[in-house]
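Here is the structure we will look at, set down as C-alpha cells.
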Amino acid sequence: MKTYKGAVDDQGAYVVVHPDTGGNYALPWRLDLRNHSPTGLQWGYGGSGPSQCALALLADHLGDDQATLRQYQGFKWAVVAKLPIDEPWELTSEQVDFALARLQEEEGELDEDPLPF
C-alpha cells in the first residue's frame, strides 16, 4: 500500500509517495502521458493542474498507462478537484481503489441504462 501526501509551499504544490516498504519519492508528473500542466500539479478545482495531478496519481497507483488514460478525468472530478486547495491532504491506495470502483460502478450503470437520445 502507498499513501500519497500533497501540500503547497513557497515552491508550489507537490505530492510525495510513501510506500509501506519505505523509500519515499516525489510523484512523477508523467508529462510523457499527457501534458496538461508543465508548470506543475494542483488540486481543489477542475483545471489543468488537477488534470496532471489525477493523471500522475493514477499512473503511479495503477502502473498501467492505458488504464490511467481511460480513468484519470473521472478521477479528477470525483477526487482531485475535491481535495482542499490550501491544506495538506493524503490519500491511501485503498481510498484510490475505492474511488475507482465507484467510478466504474457509475459508468456501468450508464452503460446498462442508455440515454434516451
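Looking at Ser48, Gln66, Ala81, which one has the Cα that reaches farthest to the positive end of the dipole of the range 2-112 (charges on Cβ: Lys, Arg +1; Asp, Glu -1)?
Ser48
Just the number, please: percent antiparallel of the DSSP beta bridges in the chain, rounded to the nearest 5.
Antiparallel bridges: around 100 percent, rounded to the nearest 5.
According to the Kirkwood expression over distinct Cα-Cα pairs, how big is the hydrodynamic radius of the range 2-112, in Å?
When all Cα pairs of the range 2-112 are included, the Kirkwood radius is 14.0 Å.
In the chain, which helices (entire DSSP H runs) extend 20 Å or more along their own long axis, judged by Cα positions, while averaging at least 0.0 on the Kyte-Doolittle scale?
Taking the DSSP H segments of the chain (at least 20 Å long, mean hydropathy at least 0.0), we get 48-62.
No value in this document is a laboratory result; all are computed from the given coordinates. This one's a predicted model, so the numbers in the text were calculated from it and none came from an experiment. Positions of Cβ are backbone-derived with ideal geometry, glycine not excepted, and every protein chain shown enters the neighbour counts.
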